[in-house]
Amino acid sequence: MRLIPRSAFGQTVFLIGILLLINQLVSYLSVVYYVIKPSYQQINHLIAKQIKVVFIDVDHRDHLLSEELTRRFQQATGIEVYTDATALQHGLNEASYYQYFSEEMSHELGGPAEVRIAQQNNYAFWVKPPQAPQYWVKVPLTGLDETDFSPLKIYVLVIGFLSVAGGWLFARQLNRPLQALQQAALKVGRGEIPEPIPEQGSTEIVAVTRAFNHMAKGIGQLEQDRNLLMAGVSHDLRTPLTRIRLASEMVSEQDNWIRDGIASDIDDMNAIIDQFIDYIRHHKEENLQNDDLNALVSEQISADRLQKREINAHLDHHLPLVPLRRIAVKRVLTNLIENALKYSDGAIEVSTGLERASKRVFVQVRDHGPGIPEPEMARMLEPFAQGDIARGSGGSGLGLAIIKKIVDMHQGQISMHNHAYGGLVVTVYFPLKQEKGTGV
């Protein structure tokens, strides 16, 4: 269990809380040692003087007090003197022993003294003086019962609350630009160019924000140049390919095999060009809409059944609607199913499901082909990584890369593993809810 939070926001609030606690402890000790303790010592000193006055007339032979003097002193000061028996009848049994006051009183009176304090109605000090150990002196303290420490408690609570609240607001204001930078960086990671971030906060954060905006602007320009280049290359390549196709139609009948080969090569080249364009575009212009993943899977399975291959569907009919880009997700499903059909000869298994704990749905495609070696799986999701070594075929190497890019755009996840009984299993996860502020 971590006591110190990892985030800068949590660490700032934690630091302010620790400093506030230290400040409160120092304040408490200062009040105790420099205000309360001297006050108690002064009270002990005054009570000791009063007791000495009471026992001025003590007969040192039998330690007896003059009853007349005691009565007159009680009327004048309120201090009462009782024997052990009569003291119990007047509230001594309800008083509590205090060692600190007893030690201080012993020092003041020059002998062993015992101090008890009663707090029932009015505060009172019960003192057994060394001058007359058979007596108890009751000294009323009428001022203490009127003392109210609640303003001090309220002050401490209010100061603590205001300090923590102020620290929280300060840390929140300090971290708000960092959160904007985080969300913008996530957009850039998905291939999206965010709007310029407002330059606010401390000078250091403003400098970082300005540098990030400059970087994002440069990336946006590079993206535009790449799209323009790819569009030009695509257009310039399709034009000669079209001329080649037209020229091949003029080949004589006895050379049909040459014409068919040229047409097949042209179709492959067009497909490769389409994949390049799809990888660059990956349907960024399409908006998110709540859609039924099962319906999309069913559409793609129905289309691929025309190839007369067995495709077994296992759909969870309790899936909720999830935010999807319909065309992009259909491209994911098409690529998954086409890859499974291309690299295997047996039946294809397509299933959907819901993971309630992680709040996401998934679609899973399994073939019965040779699979992919474990060390090659991560590389297969990179652009231009071909599966000819693992799966016995070539291609542009963009099929799985396109899938990964679309899945990342949906804040989803893609995983691959080889089935225990043969074949590759590819699982694509889509969250039930897109995170706010991520531009999707």
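In this model, which of Lys404/Lys433; Lys187/Lys342; Lys217/Lys330; Lys342/Lys433 are farther than 29 Å apart at the alpha-carbon? Walk me through the intermediate numbers first.
Working: Lys404/Lys433 19 Å; Lys187/Lys342 34 Å; Lys217/Lys330 31 Å; Lys342/Lys433 33 Å.
From the list (Lys404/Lys433; Lys187/Lys342; Lys217/Lys330; Lys342/Lys433), the Cα-Cα distance tops 29 Å for Lys187/Lys342; Lys217/Lys330; Lys342/Lys433.
Shape verdict for segment 167-256, please, from the Cα gyration tensor: rounded (a/c under 1.5), prolate (a/b greater than b/c) or oblate.
Working: a/c = 8.95, a/b = 4.48, b/c = 2.00.
Judged from the Cα gyration tensor, segment 167-256 comes out prolate (a/c at least 1.5, a/b above b/c).
Bear in mind these aren't lab numbers, they're just calculated from the coordinates by the rules spelled out. Nothing here was measured: the structure is a model prediction, and the numbers come from that model.
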